[in-house]
Amino acid sequence: MTIQLNRLEAGRVARIVKMNLFGVERRRLLDLGFVNSTEIMVHFSSPMGDPRAYRIKDTLIALRSETAAKIIVQLDEDKTI
């Protein structure tokens, strides 16, 4: 099942399928490791829920909900943390 990254529940593991980002924003995330098939999970949310910190390749990266909504992920049904 594919969902937007901003809808991923805490503790669930997913894999990046597609990024609907362009230009500098896309390049920045690619440089940070947001490439297809990479595992990603929600590490924690700010008190107001935005931004959220995501763990990707042993790195924590904070993304605003509007950016995370443009990243499509495939849920890994067997993995939760």
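The values are calculated or read from the model by the stated rules, or taken from the named source; none is laboratory data. From a predicted model like this one, the values you see are computed outputs, not experimental measurements. Here the Cβ positions follow ideal geometry from the backbone for every residue, glycine too, while neighbour counts run over all protein chains shown.
Starting from residues that are of a type outside the set (A, V, I, L, M, F, W, C) and under 17 Å from residue 65 (Cα atoms), keep the ones in the stretch 21-40 and report whichever is surrounded by the most Cβ atoms within 10 Å (Cβ to Cβ).
By that ranking, first place goes to 26.
Looking only at residues that are out of contact with any Leu (no Cβ under 7 Å at 6 or more places or on another chain) and of a type in the set (A, V, I, L, M, F, W, C) in the stretch 1-17, which one is surrounded by the most Cβ atoms within 10 Å (Cβ to Cβ)?
The qualifying residue surrounded by the most Cβ atoms within 10 Å (Cβ to Cβ) is 5.
The residue that is farthest from the chain's Cα centre (by Cα), counting only those in the stretch 1-20 that are farther than 16 Å from residue 70 by Cβ and among the aliphatic types (A, V, I, L, M), is 1.
When the stretch 65-75 is filtered for residues that are more than 11 Å from residue 4 (Cβ to Cβ) and modelled with pLDDT of 95 or more, only 74 remains. Considered as a group, the residues in the stretch 45-60 that are of a type outside the set (A, V, I, L, M), under 18 Å from residue 75 (Cα atoms) and free of Cβ contacts under 8 Å to residues at least 40 places away in the same chain include one that is surrounded by the fewest Cβ atoms within 10 Å (Cβ to Cβ), and that residue is 57.
Within the stretch 3-35, restricting attention to residues that are part of a strand (DSSP E or B) and modelled with pLDDT under 95, which residue is farthest from residue 47 (Cα to Cα)?
Of everything passing the filter in the stretch 3-35, 13 is farthest from residue 47 (Cα to Cα).
Residues in the stretch 7-39 that are of a type in the set (Gly, Ala, Ser) and in contact (Cβ under 8 Å) with a residue 60 or more places away in the chain: 11, 14.
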